[in-house]
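Beneath this line is the structure, given in structure tokens, with notes to follow.
The values are calculated or read from the model by the stated rules, or taken from the named source; none is laboratory data. Given the structure is predicted, the values throughout are model-derived calculations rather than measurements. Positions of Cβ are generated from backbone atoms using ideal geometry, with glycine treated the same way; all protein chains shown enter the neighbour counts.
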Amino acid sequence: MGLIKLKDVSFSYHPDNPVLSGLNFEILDRERVALTGPNGSGKSTILHLIVGLLLPDKGVIEAFGRERKSQKDFYEVRERAGLLFQDADDQLFSPTVIEDVRFGPLNKGLSKTQADIKAHEALKLVGLLGFEDRVAHKLSGGEKQLIALASVLAMEPEVLLLDEPTAGLDQKAFDKLVGVLKELPQSMVIISHDQTFLKELATRTVILSS
């Protein structure tokens, strides 16, 4: 079943410099799609279009059975498709780990008790139970990336959108992240230049040209 479809989508940041032109792209249930291509080919732009951070100049975006046009249409999409940024510092902004991880569930309308349960479940998934009172920005790069992933998983998304998730990680952190992601059931769209990472995770590869 197709979870997300981009049909004949075009987008440009400047009218004379199109980034995407007539793109057709689909994410199926439980598949892990690698998005590859040179810098500037529009890989991150696709992720931002999927969650409505950008809107297409032309074309149709369908997500979870509905066409999405306005910002209001994408509120539900952002709950069901979790975007993990390349730099964990862009995702973590609260004083402590638990506050970062429960932020999404609280914003979704859950009570503090319910949000704490979701946060603890997500921290367990990434192997960082016990980090609740730690200051995220004082953690290692790998730990911060896993906390950022936990903050996404606490929302219980159906699709994970991963933008260069291994950038700057050492081998130990890389192996930990790969191990966590391989055990998750969600569909994934993965942007990475790391062929080892993609070989471990991807079930299909889409190559963009600039």
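Here are the numbers for this structure:
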read-out	value
Residues of the range 85-120 classified as in a loop (DSSP other than H, G, I, E, B) and either touching a strand residue (DSSP E or B) at 6+ places or on another chain (Cβ under 9 Å) or surrounded by fewer than 22 Cβ atoms within 10 Å (Cβ to Cβ) (or both), total	12
Whichever residue in the range 1-20 is among the aliphatic types (A, V, I, L, M) and in a strand (DSSP E or B) and, among such residues, is surrounded by the most Cβ atoms within 10 Å (Cβ to Cβ)	I4
Restricting the range 40-58 to residues that are under 11 Å from Y13 (Cα atoms) and in contact with a helix residue (DSSP H, G or I) (Cβ under 7 Å, 6 or more places away or on another chain), the residue that is surrounded by the fewest Cβ atoms within 10 Å (Cβ to Cβ)	L54
Enumeration of residues in the range 148-174 that are under 23 Å from T196 (Cβ atoms), free of Cβ contacts under 8 Å to residues at least 60 places away in the same chain and within 13 Å of the chain's Cα centre (by Cα)	T166
Single match in L128, L23, L35, L123 (criterion: buried (at least 20 other Cβ atoms within 10 Å of the Cβ), over 15 Å from the mean Cα position of the chain (by Cα) and in a strand (DSSP E or B))	L23
Selection status of G59, more than 21 Å from S210 (Cα to Cα) and either outside any helix (DSSP H, G or I) or among the aromatic types (F, W, Y) (or both)	no
Residue, farthest from the chain's Cα centre (by Cα), within the range 70-118, restricted to residues that are under 26 Å from P56 (Cβ atoms) and small (G, A, S)	S70
Filtered residue count, the range 149-172, keeping only those that are modelled with pLDDT under 95 and in a helix (DSSP H, G or I)	2
Pairs, first in contact (Cβ under 8 Å) with a residue 60 or more places away in the chain and in a strand (DSSP E or B) in the range 183-210, second of a type in the set (K, R) and buried (at least 16 other Cβ atoms within 10 Å of the Cβ), C-beta under 6 Å, six or more apart	M188/R32; I191/K43
